[in-house]
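Each remark here refers to the structure printed beneath this line.
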Amino acid sequence: MIEKFIRNKREEELYNLAHAISAELREYANIIDENATIPKSVVDRFRTSGYSALPVPTQYGGGDLSLYELVLIQEELGKGEGATALSIGWHLGILKDLNDRRPWNEVTFGRLSRDVVEGAIINRAQTEEETGDPTRGGLPVTMAEKEASGYRITGRKTFTTLSPHLDQVIVKATVKDTDEAADFLVSMGDEGVSIDETWDVLGMRGTRSDDLVLQDVFVPSERLLEVYDKERKTKSLPPGWLLHIPAVYLGIAEAAKQEAIEFVNSYQPNSLDTSLKEVPHIQDKFGQISLKLLSARHFLYSVADQWDKYPRQRMTMQSQLFAAKHQAVNAALDVVDLSMRIIGGRSLMKKNKIERLYRDVRAGLHNPPGDELTLQVLAKSELN
């Protein structure tokens with residue numbers, strides 16, 4: 001149980017906030033999945049509760065969220081509804097990354113932080129059809145052309161999660177006539193910014209990860225945020241903030257386990273003279289579920305705790321971060337599968353909650369870092 005990982009009063013308060021919102025999300029889960037969008041009232045709940053401002057530094061009115069705390073609250077949120085949890089997780093994770101690295105000038109970072117405290121929702125727009133996963137290092141096709149007082153940006157970004165609700169977006173573009181890419185802060189209200197509703201997927205439907213289209217969008221010079229050279233080197237750290245992803249998928253797995261528990265407690269075929277939970281192969285499956293969740297949680301939370309406690313070690317933690325994501329997501333896939341085996345054919349019915357959990361958990365394989373990249377990183381860490 002997630003509650004066992006609460007260590008102090010602050011974590012308990014954060015968990016209670018996430019738990020309350022998670023319970024509300026469960027009521028919206030079918031609507032979010034069917035309509036493939038998150039209602040504005042749900043996103044507003046993150047704004048008004050202060051949840052969306054938690055990673056902002058306290059000096060700007062936020063909660064200065066630790067990585068361990070981010071994992072804790074996002075796992076709990078994932079139990080309620082995975083697409084919403086993953087969506088707001090990108091917002092939280094990006095803010096956590098910016099707080100950890102401080103790659104921008106303080107005036108710009110402070111302005112964005114205050115905007116978030118006042119309710120702004122943000123995301124990054126990095127992925128493109130032509131370049132694929134941005135972690136692979138390709139230069140964006142989206143182009144920024146220098147002008148006297150700023151830049152003109154033109155391009156298309158895929159997988160822009162939370163697209164209907166974003167206020168500002170950090171766009172990565174290649175600076176024309178250079179080998180450099182740069183991040184620019186774009187307002188969704190800027191002239192030339194639009195959303196192409198391309199999102200039509202099997203799972204995580206509510207994330208609304210549509211295409212962001214930028215057509216000759218003017219961005220003033222002060223909104224040039226961070227420059228990358230041709231090797232994508234910048235004021236970087238390994239992406240600890242990406243642990244928000246496996247946390248959500250463990251939450252989905254926990255929800256699937258609970259569905260299986262409710263099933264064995266409420267159903268007994270007349271072919272049996274004992275309850276389902278007394279059947280050996282059912283107990284075996286629950287044992288496997290418990291082992292997988294315990295192993296993945298302890299690894300994930302341990303890595304997050306190390307990140308928080310030992311900042312000087314962060315530059316050496318890439319392999320641990322990647323491995324934690326790999327283990328958690330693959331454990332979550334196994335847990336949902338085992339839960340469906342316990343429930344049987346009913347688990348495939350649209351009216352059964354676990355059918356949605358199965359579709360949602362599959363998306364974890366395609367969130368960064370991919371399994372093959374993780375294995376490459378782990379191999380290099382052993383062979384070097």
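The values are calculated or read from the model by the stated rules, or taken from the named source; none is laboratory data. Just so we're clear, the structure is a prediction, and the values are computed from it rather than from any experiment. For neighbour counting, all protein chains shown are included, and Cβ atoms are generated from backbone atoms with ideal geometry for every residue, glycine included.
Across the range 32-43, the number of residues qualifying as surrounded by 15 or more Cβ atoms within 10 Å (Cβ to Cβ) and in a helix (DSSP H, G or I) comes to 4.
Quick one: is R205 basic (K, R), crowded, with 17+ Cβ neighbours inside 10 Å and either in the same structural domain as L333 (by TED's automatic domain parsing) or in contact with a helix residue (DSSP H, G or I) (Cβ under 7 Å, 6 or more places away or on another chain) (or both)? For R205, the condition - basic (K, R), crowded, with 17+ Cβ neighbours inside 10 Å and either in the same structural domain as L333 (by TED's automatic domain parsing) or in contact with a helix residue (DSSP H, G or I) (Cβ under 7 Å, 6 or more places away or on another chain) (or both) - is met. Only a single item in (1) closer than 21 Å to D97 by Cβ; (2) part of a strand (DSSP E or B); (3) not aromatic (F, W, Y) is not met by R156, and it is number (1).
Scan the range 56-86 for residues that are over 14 Å from the mean Cα position of the chain (by Cα) and assigned to a loop (DSSP other than H, G, I, E, B) and the total you get is 8. Being surrounded by fewer than 20 Cβ atoms within 10 Å (Cβ to Cβ) and aromatic (F, W, Y) holds for only one residue in Y60, Y68, and it is Y60. Within the range 233-251, identify whether any single residue is touching a strand residue (DSSP E or B) at 6+ places or on another chain (Cβ under 8 Å) and more than 30 Å from N35 (Cα to Cα), and answer yes or no. Within the range 233-251 (the criterion being touching a strand residue (DSSP E or B) at 6+ places or on another chain (Cβ under 8 Å) and more than 30 Å from N35 (Cα to Cα)), the answer is yes, since at least one residue qualifies.
For the range 319-332, the criterion of being assigned by TED's automatic domain parsing to the domain that holds A379 and without any contact (Cβ under 8 Å) to a residue 24 or more places away in the chain is met by at least one residue.
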